[in-house]
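Enquirer: I'd like to ask you about the structure that follows.
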Amino acid sequence: MIPVFICEDNEIQRKTIEGYINNYIMIEELDMRIEMSTDDPNELLNYLEKEPRLNGIYFLDVDLNHEINGIQLGAKIRDKDISGKIIFITTHSEMMYFTFKYKVEAMDYIIKDESENLQQRIIDVLKQSKKHYEEAQSTYDERLKIKIGNKVRVFSVSEVMFIETSLVPHKLTLHLMQSTVDFYGKINEVESLSDSFLRIHKSFVVNIKSIATVNKKKYEVIMENGEICPIAIRKVSLLNRRLG
């Protein structure tokens, strides 16, 4: 069962969103249900703290008239549910920038306008979420656990591009498809975290499954997200063997 969460301070809007979701779930007989619909972000966070959920779908209003806004709420949800699908529904299109600032990695950003468009966008999100869950269930998805502060975050190895040493002493930077995360660690211990990882440079460990191109003339690899990592000359033959 895929849990769906709604956080919207406007009761009329909240009931409207509930209706669109419930109707679509019923018509399509989806293995989903609205687990919580609330106007209080703390209620949602407390629920996730007591009953942690993975792979939830979250519809969040940006302006919640609360001490935290929807984007800040999304960032907190992301800490608890790394694989969750976060969708913002709002009248404030200019706030989209802050989803990148807070590294929320939102699935969609729906602007409130005509109800017909809102309904179709919600349906499209549910369709896409269902597809993602089915694909995830049909393939093994290796997980990477990293301690950040006093929390442990879980990442899908398939989303990892590479890990590099940071300019901050004793820190590393994890590069995902669309974001980065800093954490304390040693680069010489990272390679052992997954069979897909390979240290190709004194400062870089790459996910070989995320390599798009190897440029042997420039001694560098280009990852699927376009980022570039250097290759130490002595590591070229090893990388070739691993790539087959």
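Enquirer: Would you kindly identify the helices (runs of 4 or more DSSP H) lying entirely within the stretch 2-91 that contain at least 3 residues that are in the same structural domain as Asp124 (by TED's automatic domain parsing), at pLDDT below 90 and closer than 30 Å to Glu159 by Cα?
Expert: It comes to 41-50, 70-80.
Enquirer: Also: Does Glu105 meet the test of being among the charged types (D, E, K, R), under 21 Å from Lys147 (Cα atoms) and modelled with pLDDT under 90? If you could, list the steps in order and put the result at the bottom.
Expert: On the way: among the charged types (D, E, K, R): yes; under 21 Å from Lys147 (Cα atoms): yes; modelled with pLDDT under 90: yes.
Considered against the rule, which asks whether it is among the charged types (D, E, K, R), under 21 Å from Lys147 (Cα atoms) and modelled with pLDDT under 90, Glu105 comes out as yes.
Enquirer: Looking at (1) out of contact with any strand residue (DSSP E or B) (no Cβ under 9 Å at 6 or more places or on another chain); (2) within 30 Å of Asn23 (Cβ to Cβ); (3) at pLDDT 85 or above, which is the only condition Ser129 fails?
Expert: Of (1) out of contact with any strand residue (DSSP E or B) (no Cβ under 9 Å at 6 or more places or on another chain); (2) within 30 Å of Asn23 (Cβ to Cβ); (3) at pLDDT 85 or above, only one is false for Ser129: (1).
Enquirer: Taking the stretch 174-197 as the region of interest, how many residues are surrounded by fewer than 17 Cβ atoms within 10 Å (Cβ to Cβ) and assigned to a strand (DSSP E or B)?
Expert: Looking only at that region, the number is 5.
Enquirer: So which residues in the stretch 2-51 are under 24 Å from Glu135 (Cα atoms), free of Cβ contacts under 8 Å to residues at least 24 places away in the same chain and within 24 Å of the chain's Cα centre (by Cα)?
Expert: Of everything in the stretch 2-51, nothing turns out to be under 24 Å from Glu135 (Cα atoms), free of Cβ contacts under 8 Å to residues at least 24 places away in the same chain and within 24 Å of the chain's Cα centre (by Cα).
Enquirer: On to the next question. Across the stretch 198-244, which residue is farthest from Pro169 (Cα to Cα) among those that are in contact (Cβ under 8 Å) with a residue 40 or more places away in the chain and part of a strand (DSSP E or B)?
Expert: Met223
Enquirer: Give me the residue from the stretch 198-237 that is among the hydroxyl-bearing types (Ser, Thr, Tyr) and surrounded by 15 or more Cβ atoms within 10 Å (Cβ to Cβ) and, out of that set, farthest from the chain's Cα centre (by Cα).
Expert: So in the stretch 198-237, the residues among the hydroxyl-bearing types (Ser, Thr, Tyr) come out as 203, 210, 213, 219, 237.
This time we only want the ones that are surrounded by 15 or more Cβ atoms within 10 Å (Cβ to Cβ), so: 203, 210, 219.
Numbers: Ser203: 25, Ser210: 17, Tyr219: 31 Å.
The selected residue is Tyr219.
The values are calculated or read from the model by the stated rules, or taken from the named source; none is laboratory data. Just so it is clear, the structure is predicted and the values come from calculations on it, not from any experiment. Cβ sites come from the backbone with ideal geometry, for glycine too, and all protein chains shown count toward neighbours.
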